[in-house]
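The values are calculated or read from the model by the stated rules, or taken from the named source; none is laboratory data. Small disclaimer: the values here were computed from a predicted structure and weren't measured. For neighbour counting, all protein chains shown are included, and Cβ atoms are generated from backbone atoms with ideal geometry for every residue, glycine included. Heavy atoms of the whole protein, side chains included, go into the accessibility calculation; ligands, DNA and RNA do not. Shrake-Rupley method; radii C 1.70, N 1.55, O 1.52, S 1.80 Å.
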Amino acid sequence: MPLTQRELSLAALLIATGLAAWWWLSARDTDKALAPSAERRPDYVVEGLRAMTLGVTGEPERRLSAQRLRHYPDDGSSELDDPVLVVYSDDGPPLHARSALAWINARGDEILLEREVRLQRGATAQSAPVELRTSELLVLPEVDYAETADFVEIERAEDWITATEGMRAWLGETTRIQLFGRARAALVPSTDDDAG
């Protein structure tokens, strides 16, 4: 059955309306793509940062230095370039953490170190110095805890351990480490100088 003139006019009007709506929506999407995005901007930048946190007795607890710090007002977090964090201990050598970049939450109790991460603790009377290397590390300095899901290497004197899927480390009075994924190790037996 052929369409009447009225039906053809209505069909043409609907097609024209559909094409106009499509054109208008695609023009809006193009305008959005061309408009500058609302990028996150810091409210202040500090060059050559040096900061120290003291305990109740006035002894240093933590020291932080960075080439540059950017503070963001939307969530109170900060980003740092080339940060070095030193966490002091009452009964042992300080823990040094460094990386190419870092993020710190508003409270300062959560630090994410990124790219070329190194965590080092000096020798004690019972243990050789320890160094940990990975590409990303979450550090909770208030509770002496660190974790990563990335490949990690740990060296102590001639001993070394690697894990393909990261680790969790408790770095308090006694150090405990839990490894994930495929782990490999080379442990050199200690020599007893008193033996005959």
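Filtered by the rule that a residue be under 19 Å from Leu101 (Cα atoms) and of a type in the set (D, E, K, R), the range 44-61 gives Glu47, Arg50.
Based on this model, can you work out whether Glu39 counts as open to solvent by 90 Å² or more (accessible area, probe 1.4 Å), modelled with pLDDT of 90 or more and either farther than 25 Å from Val130 by Cα or part of a helix (DSSP H, G or I) (or both)?
Working: open to solvent by 90 Å² or more (accessible area, probe 1.4 Å): yes; modelled with pLDDT of 90 or more: no; either farther than 25 Å from Val130 by Cα or part of a helix (DSSP H, G or I) (or both): yes.
Here the answer is no, as Glu39 does not meet what is asked.
Any residue at all in the range 95-105 that's closer than 21 Å to Arg182 by Cα, open to solvent by less than 40 Å² (accessible area, probe 1.4 Å) and assigned to a strand (DSSP E or B)? First the steps, then the outcome.
Going through the range 95-105, the residues closer than 21 Å to Arg182 by Cα turn out to be none.
So far as the range 95-105 goes, no, none of its residues is closer than 21 Å to Arg182 by Cα, open to solvent by less than 40 Å² (accessible area, probe 1.4 Å) and assigned to a strand (DSSP E or B).
Considering the range 119-155, and only residues there that are outside any strand (DSSP E or B) and among the small types (Gly, Ala, Ser), the residue that is most open to solvent (accessible area, probe 1.4 Å) turns out to be Ala125.
The listed residues are Asp109, Asp90, and the only one of them that is outside any strand (DSSP E or B), touching a Leu at 6+ places or on another chain (Cβ under 9 Å), of a type outside the set (Lys, Arg) and surrounded by fewer than 16 Cβ atoms within 10 Å (Cβ to Cβ) turns out to be Asp109.
So which of Glu116, Glu79, Glu158 ends up being charged (D, E, K, R), open to solvent by less than 70 Å² (accessible area, probe 1.4 Å) and either under 30 Å from Tyr44 (Cα atoms) or modelled with pLDDT under 90 (or both)?
Values: Glu116 fails: open to solvent by less than 70 Å² (accessible area, probe 1.4 Å); Glu158 fails: open to solvent by less than 70 Å² (accessible area, probe 1.4 Å).
The unique qualifying residue is Glu79.
Pairs meeting the criteria (first residue in the range 176-187 and at positive phi, second residue open to solvent by less than 70 Å² (accessible area, probe 1.4 Å) and not in a strand (DSSP E or B), beta carbons under 9 Å, at least 6 apart or on different chains) are Gly181/Thr164; Gly181/Gly166.
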